[in-house]
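Worksheet: the structure to be examined is printed underneath.
The values are calculated or read from the model by the stated rules, or taken from the named source; none is laboratory data. Small disclaimer: the values here were computed from a predicted structure and weren't measured. Don't worry about glycine lacking a Cβ; one is built from the backbone with ideal geometry, like all the others, and counts go over all protein chains shown. Please note that ligands, DNA and RNA were not included when accessible areas were found on the heavy atoms of the full protein model with its side chains. Shrake-Rupley method; radii C 1.70, N 1.55, O 1.52, S 1.80 Å.
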Amino acid sequence: MKPNEIIEKIKKSGLTGRGGAGYPTGVKWERMYQKNHQLIYIVVNGSEGEPGTLKDGYILKNYLKELLEGIKIAYQIFPQTKEIYLYLRKDYFKMYKEKIEALKGSLPLIVFKEPGGYLCGENTVLVNSIEGKRFTPRQKPPFISEIGLWGKPTLVNNIETFFRVYQIVNDKYQQTRFYSITDTQTKKQIVIDLPLNLSIYEVLNQAGFLPKNNDFFVQIGGGAAGQYFTPDEIKNQNANLGTGAIIIYHQKQISLEKLIEEKLNFLMKENCGKCTPCREGLYYLFQQLKNNNLNDKKITDVINALENTSFCGLGEGAGVSFKSLWQKKEKIWRS
Ligand SMILES: Cc1cc2nc3c(=O)[nH]c(=O)nc-3n(C[C@H](O)[C@H](O)[C@H](O)COP(=O)(O)O)c2cc1C
Ligand code: SF4
C-alpha cells in the first residue's frame, strides 16, 4: 500500500489516540505527511505514568512484534524520519530494552529510558526530557508537530495507537480498545480488549469486575485526570474516555478526605511548579484538607482555576477530575 492509502485507511477506521487526549490519528498523520518535511522524528510514547493505566505494559508484554510492525508502518509513511524514540518508563525499559533491540531490525529505533515521572508523558515535556532539559512543558503553539525534538517536526503517538495502526493496516482492527481495570478493594487488576461503544457497566460486567452491591463508584480515564461516576450513571456512560483506565472505589473503604489526599499527594509530587494555578492551587487544596476546611467556598474557584488556567494538561486534568468529584461527593457518600 502507498503511504496516502495507509493514511486514508487509518482515517476511515476513525482511530483516535490512546494516550489520553483522543486526537484522530489519521488526521495527525495526514497533516504531517502533507507538509513533506525534509527530516522528522517519531516518538512512541510509553511513559504510562497515570495511576491505573496498565495497557502499554500489557502490549509490550503480549504484542511487542505487532507494536514494532505498527512503528514500521509509520516509518514507511515517513522515510525521512531520522530517529524513532521508543520512550519507556523505567520498569518497562528494564524489562523490554534487550528484546526490542533484538527485534528492531533496520528501524532507526532508540529505546529511551524515561528520566522522570507522570509529567514526562506530556508530549512537550517528553521532548524536553529527551533533549536533556528540565521536565517542564513548552508553550504551545508552536506544536511539536512543527517544532519538536531538536527543533524538528515530531510525531508523537501512544504505544497502543501504533499497535492499532498495525491492526488497521492488516485488517485486524475491530473498533476496540484496551481497558485497564483496577478494583481498589480486592486489589485485582485486568487489561481487557473490548469495543469502544460499551458503557462502563458493560465493560465492568464483561470483565467480571462489576461489584455485587451498589456501594461503589468509579473513576474513568485515568487516576489523575479521570472523572467520577456513580452506579446509577454507569449504564448510560460510555467507557471510552482518556487512557481507558477504570478504577473502582468503595464508599465504605475510602472517605472523600482520604481520596482527595491520595490524589493530591500524587499530583503535588508530579507537578513541575511552573505555573501558579497548579502549584498554588494544589497546595491550597492540601492545606484546606489538613485544616479540616473542605467547606471553604473558595475550593470551587480553585478547582475552576486549575481546570481553566493551568499551563498544561496536568493541572487541567486535575481540575476536571476534582470538579467531577466535588460535584458528586454527596451522591457518592450519601449515607
Ligand atoms: C500530564 C500528562 C501526562 C501524559 N502522559 C502520557 C503517557 O504516559 N502516554 C501517552 O501516550 N500520552 C500521555 N499524555 C498525552 C500526550 O501529551 C500526547 O497527547 C499523546 O502521547 C499523543 O498520542 P496519541 O495521539 O496516540 O494519544 C500525557 C499528557 C499529559 C498532559
Ligand atoms: S499545570 Fe502543573 S505541571 Fe503543568 S506547567 Fe503548571 S505547574 Fe507544571
Problem - Within segment 297-330, considering residues that are more than 18 Å from S255 (Cα to Cα) and surrounded by fewer than 17 Cβ atoms within 10 Å (Cβ to Cβ), the one farthest from ligand 2 (Cβ to nearest atom) - result: K297
Fill in the blank from the handout: Within segment 122-139, the residues that are in a loop (DSSP other than H, G, I, E, B) and near ligand 1 (Cβ under 10 Å from one of its atoms) are E122, P137
Exercise for the section: Return yes or no: is C278 surrounded by 15 or more Cβ atoms within 10 Å (Cβ to Cβ), within 16 Å of ligand 2 (Cβ to nearest atom) and within 17 Å of the chain's Cα centre (by Cα)? Expected result: no
Exercise for the section: Might you check whether a residue that is under 26 Å from N36 (Cβ atoms), touching a residue at least 12 places away in the same chain (Cβ under 8 Å) and surrounded by 14 or more Cβ atoms within 10 Å (Cβ to Cβ) occurs anywhere in segment 112-122? Expected result: no
Completion exercise
Over segment 207-222, the set of residues surrounded by fewer than 23 Cβ atoms within 10 Å (Cβ to Cβ) and in a loop (DSSP other than H, G, I, E, B) is G208, F209, L210, P211, K212, N213, N214, D215
Completion exercise
With the first residue restricted to segment 4-29 and required to be within 25 Å of L126 (Cα to Cα), and the second required to be of a type in the set (A, V, I, L, M, F, W, C) and within 16 Å of ligand 2 (Cβ to nearest atom), Cβ contacts under 8 Å at 6 or more apart or on different chains are G20/A225
Practice task
Would you mind stating whether V44 is touching a helix residue (DSSP H, G or I) at 6+ places or on another chain (Cβ under 9 Å), among the aliphatic types (A, V, I, L, M) and within 13 Å of ligand 1 (Cβ to nearest atom)?
Solution key: yes
Practice task
Write out, first by first residue and then by second, each pair whose Cβ atoms fall under 6 Å of each other, whose residues are 6+ apart or on separate chains, and whose first residue, in segment 152-167, is open to solvent by less than 10 Å² (accessible area, probe 1.4 Å) and assigned to a strand (DSSP E or B) while the second is modelled with pLDDT under 95 and within 16 Å of ligand 2 (Cβ to nearest atom).
Solution key: none
Handout entry: Selection count, segment 250-269, where residues are in a helix (DSSP H, G or I) and open to solvent by less than 30 Å² (accessible area, probe 1.4 Å)
Key = 6
Exercise for the section: Consider F112 carefully, then state whether it is assigned by TED's automatic domain parsing to the domain that holds L86 and assigned to a loop (DSSP other than H, G, I, E, B). Expected result: no
Exercise for the section: Would you mind stating whether E101 is without any contact (Cβ under 8 Å) to a residue 12 or more places away in the chain and not assigned by TED's automatic domain parsing to the domain that holds G242? Expected result: yes
Completion exercise
Apart from one, (1) more than 22 Å from the chain's Cα centre (by Cα); (2) part of a strand (DSSP E or B) all hold for A102; the odd one out is (2)
Handout entry: Any hit, segment 281-290, residues being within 16 Å of ligand 2 (Cβ to nearest atom) and surrounded by fewer than 16 Cβ atoms within 10 Å (Cβ to Cβ)
Key = yes
Exercise for the section: State whether the residues of segment 301-312 include one that is over 29 Å from G19 (Cβ atoms) and in a helix (DSSP H, G or I). Expected result: yes
Fill in the blank from the handout: Taking segment 123-151 and the residues there that are touching a residue at least 40 places away in the same chain (Cβ under 8 Å) and under 18 Å from T25 (Cβ atoms), the one that is surrounded by the fewest Cβ atoms within 10 Å (Cβ to Cβ) would be S145
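Looking only at segment 181-194, decide whether some residue is over 25 Å from C120 (Cα atoms) and either assigned by TED's automatic domain parsing to the domain that holds G315 or among the aromatic types (F, W, Y) (or both).
No, because not a single residue in segment 181-194 is over 25 Å from C120 (Cα atoms) and either assigned by TED's automatic domain parsing to the domain that holds G315 or among the aromatic types (F, W, Y) (or both).
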